[in-house]
Amino acid sequence: MAKKLFALLAAVLLGGTAFAQGPVTIGVNLELSGRFATIGNATLQGIEVAREQMSDALGQEVELSICDNQTTPEGSINCAARFVDEGVIGVLGPISSTMAIAAANPLEEAGVIMISTSSTNPATTQIGEHIFRMAYTDDFQGKVAARYAADDLEAERAVVFRQQDDDYSFGLAGFFAEEFESLGGETITLDFVSNTVDFSAQINDARGFDADVIYYSGFCAEGASLMPQLRQQGFNQQILGADASDDSQCPVGGGEAFDGYILTGFGGADVLSGDAAARAEDFAAFFDVVYPDAADFNGFTLAGADSYNVMVQAVNNAGSADPDAVLDALQNLEGYPGVSGDITYAGTDGTPADRTIAFFQYSVPGADGSEWTKSSLFGIGTGQ
Amino acid sequence: MSDSRTRLRNVMLTLGVGAIVAVLLALVEGNGGAKLNDTLALFAIWGIAALSLNLVNGTTGILSLGHHGFMLIGGYVTSLLIVPADVRERIASQARSDMTPFTLSLSVENAFNAVGLQALTTPETLWVRFLVALLVGGFVAMIFGLIVGIPSLRLKGDYLAIVTFGFGEIIRLSASTSLFSPFTNGALGFAGVPNDFGKSIWWTFAILGLTLFVMTKIKFSSFGRALQGIREDEIAAEAMGVNLARSKVLAFAISAFFAGIAGGLWVSYLSAARLDFFLFFLTFFFLVAISVGGTGSYTGVLMGVAVVVFVQQYGDPLEKTYGLPVWFGVIGSLILIAAAGGWLYRKTRRMRPVLHPLVVVLGLIGLGTLLFAIFGQNSPALDGTFQAFGMRRILLAVLLIVIMAFRPEGIMSRAEFSWAWALRERKDQPSDEERAQDAWLSNPDLNRGSATSSEDPLPASLTAEDAPNAVPFLERGTKPDPDEPRYGEGRDWQPEQDDEEEGR
Amino acid sequence: MSMLSVRNLNKSFGGLQATTNLSFDVEPGEIVSVIGPNGAGKTTLFNLITGVYTPDSGSIELEGRSLVGMRPNQVVDAGIARTFQNLRLFTNLSVLDNVLIPQHHQLKVPWWQAVLRTPSYRKAEAHMHDVAMEKLAFFGPRLMSFRLHQPVYVLSYANRRRTEMARAMATGAKMLLLDEPSAGMNPKETAEITQIIRRMRDEGGYTILLVEHKMNLVGEISDRVVVLDYGQKIAEGSYKDVVNDEKVLEAYLGKRADDDASEEVEL
Amino acid sequence: MAAITTTAGRRAIPWGWIFGLGIPALVLARIYYLVNVVEVRDYAFFIGAMVQSLQLGSLYALIALGYTMVYGIIRLINFAHGEVFMVGAFISYFLFSGAPFALPWALLWSAVLAWGVAFILNLWRGSMTHPTVIAGGLVAFAALTFLLSTFQVNWVAALLLSMLFTGVLGVVIDRVAYRPLRGAPRISLLITAIAVSFLLQNTGLIVFTRNQTPFRPETDWTAFLQFDVLGGTVYTSRLMFLIPILTAVLVTALTLFVTRTRLGKAMRASAQDAETAQMMGINVNRVIATTFLLGSMLAAAGGFLWGLNFGSLNQPAVMGILPGIKAFAAAVIGGIGSLPGAVIGGLLLGFLENFMTALFPRQGDFPGLTEFKDTFAFALLIVVLLVRPSGIVGEDLSEKV
């Protein structure tokens, strides 16, 4: 009880703009520095371009209060505390599950809406009713990858590399292994920690298992060391990755070891269907005008843009800046025409229904990975 | 003033100050922002950890670098025992989490139910369960403190520091291995630890007060004196009967206990227990606090913690992205200040040549960069912004290097705040009556005239060579015995040079 | 039953034989001096008795209890305290603290009672304080009143010597090992220390084993003298007959050129 | 200082031989068991593991030499040595990768290094205001700014230049942080070393980069290499030859310098007793500066080869910590203060880490020792410090009462 009272008291006393009709500020809590800087900045660009397209809600200018959580849980908590003080209408981001879970606790208590642009760990939205996400969840991404490995690649034995100190990677590896074993396959899971460079021990363990496919649920920082070492130790099996490796650091860092690397990620224009594809294309065109030389225009950018659009739409639907009104407007949002597909929160616990997930493949001709290309193979909706 | 009356006065004064602090906290919690509230809570939590580290580093003189390991243990045990039931189901349902049903059932709530204290398992009595979890965390850390204390019996100095560092790192690295992950949920740790204790100023400051009470009572007790004896000269301390083994292990155990408590509060503050919350930078921050504040005094340590917490919490302007001209201006002016400082230093010390080439070169570089920043604003080299990520830690590192170079004993060195000091009751300054008597004692001849009330002059027979069985000359205690023979009546002897006061 | 009995003590560091089957006794209440040229093994003997070194062979017994293998703080419990040749005081602590620390090993109160300042702890603390004042009073008013609370590094050399002696006495030991107590003192202070040592024996009831170079102090105060040379005992007895002993002169002054030993040499 | 008086003569049991022969025998028995009885691995795998251990061991040895030399002279555990290793690796990366420093950072680095060069010349010319010292400093400043901001060189030049720069940086660190504490107690020296290591970590984050960087110079030494032996294939790369050979060259060069030259003799004298050496006319400051110079150069070489071996450099704040502490453990295991000791310790630690994980692979539910890979070094460090602080080769540095 004391907490709720304190939060209200703080909001009012602090010239809380939650009620008054002052400028609508939206907090942006992203990993702009540290390990996930490239993905964080790509998402920020998506939000800024979306704001260019639609810059006002309830007739006022929408302000973005940007906070860099430096890819650390305590940085994310500090940003959350700052947003509680500023009394923002809602918070967009962070992109990764670890930072998202860290920020979700204080924001839920303070009753502030949070939309994590690309956190896919199921635990994030379970923290409270104010916590939403824009992406699919890991159990779906793990299942789809496992089914692809078992059916399309006819693999019976899979080695799973898991970064054990990250919620996203830990959960995703678990879902893949569970689904793959339910399809009759056999898996072993090898752990490494963040910032590992020497994978000789893990590769030694993998050697005795002669797997048909390798599943990597980690990030590009470690992937750029692991893949070359795998190739050097004679592992030429097909490597499957997840949306964390949808980042220019992978092909550039890993070089030709990433040639033929298949990964699941957020569907872009070429996997969406019908008018969603059209919307994605003219958003991409508009994006090129604002950021012509952006290295990373990928699913994260689209997810950032849609998070902003959905937040502004909810404020407009609610017709006032009162947090509870905006909350239930968001909770029964139906079929919003987003740039990454239609978004529906009605009847969900914060995870949008029917998101499309795409399969991409890297091709890295040169040894130093300077001219890499990413082609998309096909897309699967959460419904199927 | 009799001893018991001064003690009463001191207790009353301390309680008075405690009350004032409580009122201030009430004011702050009311309308201070979440940030100020967090900063105060952080100050208290890191204060507990720094005070407990100072018991080993400052009072006993052993450099211990494994403090973050004890905090980790305390933090994880507390969070394992206090994490609410829904989080436990989520962990259990999580794919392939290593936590076994048994380890997940380890919670104070289940323990209370088992023992029949159903009344204490309600949400309102969460604080009782949190207190129990905190104490259990402290005791488990204390046991690890005993284990780490054992090598301290055989090793000394920098080798011992490295061994404690080794222990700290082993604890952190093995917490995520399959051996311990059933208890620590691997590297993922626990989310959703109730944070209305770590974030509440009342809880943290109350425990800080308790820690300060225990630490000062230890330091000014016979045990504290034995520890300081070990710091001054270990061989002499052992030769005077101090049991080194027992004292050192005691210091390590108590320090580890409070480190565990601080770990528990730190986990509650961050509302999650993860391995990368307990990296070595924690011990480094406490080291900075102790070295800056003063290794020998708890008042100094608290001042040091205040400095570190201020830089950590309000240092983020340092890490914002600024335009390059701003950066160039700042660096230029810093170099200029360094050059001016060098020039002033050489001038006051009258070193030749005053304008040392290094000072001149620095001045030129500084001026050049400053002018370039001011006038070259729109030149291509200066567009674009820059963010100095990690500038707060650089500031703390530089601060520690400077302090270690110029004032290794810290700001307060050994001066401890006490009411006697505050009320100017300096016991070790001689009153002029005592000074006269002391002067007379050392040089009776010279001071014959000036010693007005010399009822206790030096014995006459002291230096008489021809007195084989000299009369027992010195009186017992300060009160002169009436029937003892009066000494110093008219015997002539050479004045001796007993130069009393040679300062350090 | 002698207070301290040392039976054929041997100690060698690598090749160097520091002590070779040394045996001597010290009776209760006696003042025994150990003299010998530099490097004769006097300080090694002290380190052996106080447990800093463990002897290769031989026995050291205090009132029948063997001290071999004991750590220095156990030796102090047994009842032997020592002073150091080069003054190892707790320099940054006050004089009072320096004399309180040696009594810590007798404190029976557990540490948590000390923290809570229970009455039993306060009583023990008061007792320790009185013992300290009594031992310091032994040296007259010099170390009392204001100087009690001054750090030791402020004191003069003589006062530091006195503090170290008071510290050794405060351990509650029955026997004191004084390592060159008058080193660096002028004649007046040496005379004063001589009085004090005699008073310690007479009023304090201490048995004293003394290592000293100043012969007038040794002569005036010691009941018996043991002479060491290269770790061996070459003479023992009262000061007068030891001084004229042939081997002692040889050890100190070396052999005469024409080896005419018949002549009596007046020291 | 280790305060254990290990009394000689009591050691009847020849521990040296027991461990020297016993452990290899146990290892071979375990290999035979794994290969023939359980058929989990083949001999080629263990030869591959042996090669990897040799590479890793040489890297640890290069870093450990720096620790040993600094500890030998001023009894300081140079906590910042791990970070010097990191700086060496990143400077070589910026030199060969054609991604030169931005102008401001090139200016900053060259100002610091130029002052270091001036300080070194000052050691040999007597005073900082000596014309050659100032001239040397300015020339170094100009050359360094040009080099760091525009130049791109092949990897050999990058290695040598990075060794030079990092050596000078080592001297600067000693001059700024450690020199004011010459007479201070060793604990405050250690605290300053910790502060310097944090300073370098975070400056590295600002000046170099904030995320993991690929480390792939244009060299064919990193080409893959496979050869069949005893029925299996060993997967390795040409680095298998480059790293041990380069390490051997550097170590012999260092040993020759220490034993054959006058300055080397002065270093050994100061290691024995700095005060007496000073009285014998040895300029101890020059000796200490040389020690830091050589130690840091070796660490830079170690950094470069570390990048080559793993193909990428971790982010600056993290890269130097673990290898630094493991190299210190190697230095202590070998015998702190003795150069051969550091090399032996480094190789031993390299074998221990690789072979422990290779000898106890994952079988059934036994998860294998992969997770404990990093804790071996710490565990061994603590055991050696407790049981035999003078290490395998080192002499007893106990303290007299």
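Taking region B:152-168, which residues are open to solvent by less than 10 Å² (accessible area, probe 1.4 Å) and at the interface with another protein chain (Cβ under 10 Å from one of its Cβ atoms)? Correct list: B:L155, B:D158, B:Y159, B:L160, B:A161, B:I162, B:V163, B:T164, B:F165, B:G166, B:G168. Quick check on D:V343: is it open to solvent by 10 Å² or more (accessible area, probe 1.4 Å), modelled with pLDDT of 85 or more and in a helix (DSSP H, G or I)? Considered against the rule, which asks whether it is open to solvent by 10 Å² or more (accessible area, probe 1.4 Å), modelled with pLDDT of 85 or more and in a helix (DSSP H, G or I), D:V343 comes out as yes. Meeting the requirement of 2 or more residues that are within 24 Å of the chain's Cα centre (by Cα), the helices (runs of 4 or more DSSP H) wholly within region C:92-178 are C:95-100, C:119-137, C:157-170.
Residues that are in contact (Cβ under 8 Å) with a residue 40 or more places away in the chain, within 19 Å of A:F83 (Cα to Cα) and part of a helix (DSSP H, G or I) occur in region A:107-116; there is at least one. Looking only at region D:353-383, residues that are touching a residue at least 40 places away in the same chain (Cβ under 8 Å) and of a type in the set (A, V, I, L, M, F, W, C) come to 7 in all. Where helices (runs of 4 or more DSSP H) fall wholly inside region B:201-289, the ranges with 1 or more residues that are aromatic (F, W, Y) and assigned by TED's automatic domain parsing to the domain that holds B:V309 are B:201-219, B:222-232, B:244-270. The residues of region B:44-97 that are assigned to a loop (DSSP other than H, G, I, E, B) and under 23 Å from B:A175 (Cα atoms), listed by number, are B:S64, B:L65, B:G66, B:V83, B:P84, B:Q94, B:A95, B:R96, B:S97.
When region A:312-322 is filtered for residues that are at negative phi and open to solvent by 40 Å² or more (accessible area, probe 1.4 Å), the ones remaining, listed by number, are A:Q313, A:N316, A:N317, A:D322. For region B:113-151, the tally of residues that are without any contact (Cβ under 8 Å) to a residue 60 or more places away in the chain, within 14 Å of chain D (Cβ to nearest Cβ) and under 21 Å from B:G263 (Cβ atoms) stands at 1.
Among the residues of region B:55-66, is any open to solvent by 30 Å² or more (accessible area, probe 1.4 Å), of a type in the set (V, I, T) and away from chain A (no Cβ under 14 Å)? For region B:55-66, residues open to solvent by 30 Å² or more (accessible area, probe 1.4 Å), of a type in the set (V, I, T) and away from chain A (no Cβ under 14 Å): absent.
Could you tell me which residue of region A:160-175 is farthest from the chain's Cα centre (by Cα), considering only residues that are free of Cβ contacts under 8 Å to residues at least 60 places away in the same chain and closer than 24 Å to A:N236 by Cβ? So that I can check it myself, show each step before the final result.
Looking only at region A:160-175, we keep the residues that are free of Cβ contacts under 8 Å to residues at least 60 places away in the same chain, and these are A:160, A:162-165, A:170, A:173-175.
If we keep only those that are closer than 24 Å to A:N236 by Cβ too, we end up with A:160, A:162-163, A:173.
Details: A:V160: 21, A:R162: 18, A:Q163: 17, A:A173: 16 Å.
Top of the filtered list is A:V160.
The single condition from (1) open to solvent by 20 Å² or more (accessible area, probe 1.4 Å); (2) assigned to a strand (DSSP E or B) that C:I60 fails is (1). Scanning region A:176-197 for residues that are touching a residue at least 12 places away in the same chain (Cβ under 8 Å) and either among the charged types (D, E, K, R) or not assigned by TED's automatic domain parsing to the domain that holds A:G234 (or both) yields A:E178, A:E179, A:E186, A:D191. B:W203 meets each of the listed conditions (1) at pLDDT 90 or above; (2) closer than 18 Å to B:T78 by Cβ; (3) not small (G, A, S) apart from (1).
Do you know which residues across region D:312-335 are farther than 26 Å from D:I206 by Cα and of a type in the set (G, A, S)?
Step one: filter region D:312-335 for residues farther than 26 Å from D:I206 by Cα, giving D:328-335.
Selection gives D:A329, D:A330, D:A331, D:G334, D:G335.
Going by the conditions given, is D:F328 at pLDDT 85 or above, open to solvent by less than 40 Å² (accessible area, probe 1.4 Å) and either under 16 Å from D:L254 (Cβ atoms) or within 14 Å of chain B (Cβ to nearest Cβ) (or both)? Considered against the rule, which asks whether it is at pLDDT 85 or above, open to solvent by less than 40 Å² (accessible area, probe 1.4 Å) and either under 16 Å from D:L254 (Cβ atoms) or within 14 Å of chain B (Cβ to nearest Cβ) (or both), D:F328 comes out as yes. I'd like to check something: does region D:150-161 contain any residue that is surrounded by fewer than 19 Cβ atoms within 10 Å (Cβ to Cβ), more than 21 Å from D:L298 (Cβ to Cβ) and touching a Phe, Trp or Tyr at 6+ places or on another chain (Cβ under 9 Å)? Taking every residue of region D:150-161 in turn, at least one turns out to be surrounded by fewer than 19 Cβ atoms within 10 Å (Cβ to Cβ), more than 21 Å from D:L298 (Cβ to Cβ) and touching a Phe, Trp or Tyr at 6+ places or on another chain (Cβ under 9 Å).
Within region A:194-233, being of a type in the set (V, I, T) and more than 7 Å from chain D (Cβ to nearest Cβ) holds for A:T196, A:I203, A:V213, A:I214.
With respect to the conditions (1) among the acidic types (D, E); (2) under 30 Å from B:L279 (Cβ atoms); (3) facing another protein chain (nearest Cβ under 7 Å), A:E178 lacks only one, and its number is (2). Within the option set B:F213, B:F205, B:F223, being under 19 Å from the mean Cα position of the chain (by Cα), of a type outside the set (S, T, Y), open to solvent by less than 40 Å² (accessible area, probe 1.4 Å) and over 27 Å from B:R90 (Cα atoms) holds for one residue only, B:F223. With respect to (1) open to solvent by less than 10 Å² (accessible area, probe 1.4 Å); (2) out of contact with any helix residue (DSSP H, G or I) (no Cβ under 9 Å at 6 or more places or on another chain), the lone exception for D:A253 is condition (1).
Mind counting the residues in region D:372-400 that are at pLDDT 75 or above and either more than 29 Å from D:L339 (Cα to Cα) or part of a loop (DSSP other than H, G, I, E, B) (or both)?
Final tally of qualifying residues: 6.
Entry remark, region B:356-379: residues being more than 42 Å from the chain's Cα centre (by Cα), away from every other protein chain (no Cβ under 11 Å) and in a helix (DSSP H, G or I) number 3 in total. Could you please find all residues in region B:19-31 being small (G, A, S) and modelled with pLDDT of 85 or more? Within region B:19-31, B:A19, B:A22 meet the criteria. Cβ separations smaller than 7 Å between residues 6+ apart or across chains give the following pairs from region B:316-343 residues that are over 15 Å from D:P104 (Cα atoms) and touching a residue at least 40 places away in the same chain (Cβ under 8 Å) to residues that are part of a helix (DSSP H, G or I) and not aliphatic (A, V, I, L, M): B:L318/B:R392; B:E319/B:R392.
Screening region C:232-249 for residues that are of a type outside the set (K, R) and touching an Asp or Glu at 6+ places or on another chain (Cβ under 9 Å) and picking the one that is most open to solvent (accessible area, probe 1.4 Å) gives C:N244.
Taken together, D:F79, D:F94, D:F90, D:F85 contain a single residue that is open to solvent by 10 Å² or more (accessible area, probe 1.4 Å), in a helix (DSSP H, G or I) and either closer than 13 Å to D:S296 by Cβ or touching a residue at least 60 places away in the same chain (Cβ under 8 Å) (or both), which is D:F94.
A quick yes/no check of all residues on (1) over 15 Å from C:R88 (Cα atoms); (2) hydroxyl-bearing (S, T, Y); (3) within 12 Å of another protein chain (Cβ to nearest Cβ):
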| residue | (1), (2), (3) |
| --- | --- |
| C:E180 | no, no, no |
| C:P187 | yes, no, yes |
| C:K214 | yes, no, no |
| C:V218 | yes, no, no |
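The values are calculated or read from the model by the stated rules, or taken from the named source; none is laboratory data. Everything numeric here is computed off the predicted structure, so don't read it as measured data. So basically every Cβ, Gly included, is an ideal-geometry build from the backbone, and we count neighbours across all protein chains shown. Ligands, DNA and RNA are stripped out before the accessible areas are found, and what is left, the full protein with its side chains, is counted by its heavy atoms. Shrake-Rupley method; radii C 1.70, N 1.55, O 1.52, S 1.80 Å.
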